[in-house]
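Enquirer: One structure is given below, represented as structure tokens, and several questions about it will come after.
The values are calculated or read from the model by the stated rules, or taken from the named source; none is laboratory data. What you are looking at is a predicted structure, and each value in this text was computed from that prediction instead of being measured. Cβ sites come from the backbone with ideal geometry, for glycine too, and all protein chains shown count toward neighbours. Ligands, DNA and RNA are excluded from the accessible area calculation, which covers all protein heavy atoms including side chains. Shrake-Rupley method; radii C 1.70, N 1.55, O 1.52, S 1.80 Å.
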Amino acid sequence: MADFEPLLDRMLAGLPDPNLMARQDAYDRARAALLNTVAENGGDERDSSSALDSLDAAIARVEARQPDEGADAGLSPPPEHSPSEHSPPPELLPPPELLPPPDLLPPESDAGLATAATSPPPVDERRRFAFNAAAGGAANLIKVGLQLLLLPVMARLLGPAEFGLYALALPTISFFTTLADGGLGASLAREKETETAVWSTAFWALLASCTLMAIVAIGGGFVLADVSGQPRLAGIMALLSLSFPLLALTALPSARLVRRGNLVVHSVADLVSTTIGASAAVGLALLGAGAWALAFQYVLGWSVTCLILNAAAFERPTFEFHLAALKPHAATGGSLIGSRLSELFGRQVENLLFGRVFGAANLGSYTFANQVSRFLCEAAGNPIWGALYSHALREDARSIEPLHATLSRLLASALFPVAALLAASAPQVFDVVLGSRWAPAAAIVQIVVPFYALNVVAAQCGALLLANGRSGSLFWALSGLSAGRIVAVAVGGFLAGPLGVAWGLGAANTAYAAAMFAAIGPVTGTRPWSLLSALLPCLAASTVAGVVCHTLIGLRPEGLAWTVASVGLGGVTFLAALMMLQGRRIIADAFAIRRVVFSRR
């Protein structure tokens, strides 16, 4: 008979933070590992049920020794083994202390159970992750295309004055949106859906807080309208405030879908809401609605998203409200809110300082250069971050680290060469697309875009930190980045001009990346250098590609066709250099992806 208690003790000892939620997730993984072992060795439903009974008895004994005393702390009982799943009728069950015969539970299974939290995810889980990431990437790509098409159309239909009116309202709404969910949306994805008291309390708390935010924002609209001399601003703010109750109604279904690992619905909702909102905005603009068209687009987008997510994962809340039930989420939510506010405050101070030192025109170029660089990189990184976070909620950090390392390397293989080629060709690209007046922005992009690419690759560590209750590390890393950006403007601005500030931003992003790679070490057991070294071949190949592209463009800087050809040759150079440096690994990754996507298991 296998003795499960020592194995469970070793499994809990390997958890970064063995709190109640983390232990229950570990026990679930142990049950799944045991079922797989029995099935792989030819066991039937009787064997599976007997093994699970023995494991659950061991779990109860282990929990009795925990500081929070399992039952008293609200530990949920082990899942019932319904006859439809793997349990024979009760009268056919063997005594609970019996395990499957030794030939069905070999000695190797002990080690498998002890490392259940570190075993590779099954093929189905990897396929789910691949489809989540692919769906998010495809939706993001289409969304970006729609936005690029919509911007010039709306700019022509509305004009600067209507855009300016909308811009007066949006910062206030964005600020309250940052605070509205209290970070519960992301944190609740770590909570078991059987904990109805927690989910119901979260629903009523979010509904109350978001309604309050809406009332405050409506009142603020009247103040802004009076101060700015724009009477229409009050009505626009009132319309935009409807997004807060919609956010409350969306947060819980969104968290459920993340916990279930179904991000495809998120991607569909994002794409459908963007398409419907854009169509409505253009139609209203053609009818002369002005800034109201943009406000209606914003609220309609939230409405469509709310309908789709609730259709996929709505659960009727019970009439329960126990604020103490949300206490485990307070630290995570507080850290997330702190991170958002830190970034928001940091960018406001950064732009204020830059504008005072260099003037409004240079501030416009600086802001635009940062937005282009950040948007380009995050459009590729955000879908992977979301899929990785959802996956990490159901897997131990040490088991998911190989996937994280591979994804970081693949993301770098996509972002680093694009950043290098854009840095080499930015003056020509900006001149053709935007005109010569944006030349200062092109010069800043040449410096900052490679560092934004590094930032997004390092930010993938945040998915594992958040999923494993290390939101504090994420908060300090992001706060440090905000402080670094302010220092870059304050110091670089007085010493070296706008380009000096850009190099300072690069240094701040590099420090942030180093902090993220260091923070993930205690969670996954990975040394920071191992992650960084895996990125070096891609960095070297991208650098070579950028140098080749820049050199070729320098030969004929005025020719558009020559610029395009130079970028193409730079891309070919990158592929050739990368194959020389790590061709075997690329081939192995390609075969691994093929197995995951096309496996029938």
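Enquirer: If you go through the stretch 255-276 one residue at a time, do you hit one that is open to solvent by 40 Å² or more (accessible area, probe 1.4 Å), free of Cβ contacts under 8 Å to residues at least 12 places away in the same chain and of a type in the set (D, E, K, R)?
Expert: Scanning the stretch 255-276 turns up no residue that is open to solvent by 40 Å² or more (accessible area, probe 1.4 Å), free of Cβ contacts under 8 Å to residues at least 12 places away in the same chain and of a type in the set (D, E, K, R).
Enquirer: Give the stretch 321-335 a look and list any residue that's open to solvent by less than 40 Å² (accessible area, probe 1.4 Å) and either within 22 Å of THR177 (Cβ to Cβ) or of a type in the set (Asp, Glu) (or both), or say none.
Expert: LEU326, HIS329, THR332, GLY333, SER335
Enquirer: Go through the residues of the stretch 324-334 one by one and say whether even a single one is within 26 Å of ALA281 (Cβ to Cβ) and among the basic types (Lys, Arg).
Expert: no
Enquirer: Where the second residue is open to solvent by less than 60 Å² (accessible area, probe 1.4 Å) and the first is more than 14 Å from GLY497 (Cα to Cα) and lies in the stretch 348-364, which pairs have Cβ atoms under 7 Å and are six or more apart or on separate chains?
Expert: VAL349/ILE486; GLU350/ARG485; GLU350/ILE486; GLU350/VAL489; ASN351/LEU363; ASN351/THR367
Enquirer: Please specify each residue of the stretch 432-445 satisfying the condition of being of a type outside the set (Ser, Thr, Tyr) and surrounded by fewer than 22 Cβ atoms within 10 Å (Cβ to Cβ).
Expert: Within the stretch 432-445, VAL432, VAL433, LEU434, GLY435, ARG437, TRP438, ALA439, PRO440, ALA443 meet the criteria.
Enquirer: Turning to a different aspect of this structure: Take SER482 and decide whether it is farther than 21 Å from ILE447 by Cα and among the polar types (S, T, N, Q).
Expert: When the stated conditions are applied, SER482 does not pass them.
Enquirer: To continue, here is another question. Considering only residues that are within 15 Å of PHE416 (Cβ to Cβ) and either at pLDDT below 85 or in a helix (DSSP H, G or I) (or both), which ones fall in the stretch 454-472?
Expert: Result: LEU454, ASN455, VAL456, VAL457, ALA458, ALA459.
Enquirer: Okay, next question. Of the residues in the stretch 181-227, how many are within 28 Å of the chain's Cα centre (by Cα) and either in a helix (DSSP H, G or I) or more than 25 Å from PRO171 (Cβ to Cβ) (or both)?
Expert: 32
Enquirer: Contact list please: Cβ distance under 9 Å, first residue in the stretch 302-323 and within 12 Å of HIS266 (Cα to Cα), second residue not in a helix (DSSP H, G or I), pairs at least six apart or on different chains.
Expert: These pairs meet every condition: ALA312/ASN262; ALA313/ASN262.
Enquirer: Continuing with the same structure: Output the number of residues of the stretch 197-229 satisfying the condition of being exposed (fewer than 15 other Cβ atoms within 10 Å of the Cβ) and in contact (Cβ under 8 Å) with a residue 60 or more places away in the chain.
Expert: Adding up the residues that qualify gives 1.
Enquirer: So in the stretch 544-563, with the set limited to residues that are part of a helix (DSSP H, G or I), over 15 Å from ALA419 (Cα atoms) and out of contact with any Pro (no Cβ under 9 Å at 6 or more places or on another chain), which one is most open to solvent (accessible area, probe 1.4 Å)?
Expert: Per the stated criteria, the residue is LEU555.
Enquirer: Residue check: is LEU246 under 16 Å from THR178 (Cα atoms), open to solvent by 10 Å² or more (accessible area, probe 1.4 Å), in a helix (DSSP H, G or I) and not hydroxyl-bearing (Ser, Thr, Tyr)?
Expert: Here the answer is yes, as LEU246 does meet what is asked.
Enquirer: The conditions are (1) surrounded by 15 or more Cβ atoms within 10 Å (Cβ to Cβ); (2) over 28 Å from GLU195 (Cβ atoms), and PHE345 fails exactly one of them. Which is it?
Expert: Failed condition: (1).
Enquirer: Filter the stretch 282-315 down to the residues that are open to solvent by 40 Å² or more (accessible area, probe 1.4 Å) and touching an Asp or Glu at 6+ places or on another chain (Cβ under 8 Å) and list them by number.
Expert: Listed by number, the list holds a single entry, GLU315.
Enquirer: Further question on the same structure: Which members of the stretch 502-533 meet the condition of being in contact with a Phe, Trp or Tyr (Cβ under 7 Å, 6 or more places away or on another chain), modelled with pLDDT of 90 or more and open to solvent by less than 40 Å² (accessible area, probe 1.4 Å)?
Expert: Passing the criteria: LEU505, GLY506, ASN509.
Enquirer: Going through the stretch 368-393 one residue at a time, which ones are open to solvent by less than 50 Å² (accessible area, probe 1.4 Å) and either hydrophobic (A, V, I, L, M, F, W, C) or more than 15 Å from the chain's Cα centre (by Cα) (or both)?
Expert: Of everything in the stretch 368-393, those that are open to solvent by less than 50 Å² (accessible area, probe 1.4 Å) and either hydrophobic (A, V, I, L, M, F, W, C) or more than 15 Å from the chain's Cα centre (by Cα) (or both) turn out to be ALA369, ASN370, VAL372, SER373, CYS377, ALA379, ALA380, ILE384, ALA387, LEU388, ALA392, LEU393.
Enquirer: Next question. Testing THR318 on (1) more than 25 Å from LEU149 (Cβ to Cβ); (2) at pLDDT 85 or above; (3) open to solvent by 60 Å² or more (accessible area, probe 1.4 Å), one condition comes back false. Which one is that?
Expert: Checking THR318 against (1) more than 25 Å from LEU149 (Cβ to Cβ); (2) at pLDDT 85 or above; (3) open to solvent by 60 Å² or more (accessible area, probe 1.4 Å), the one that fails is (3).
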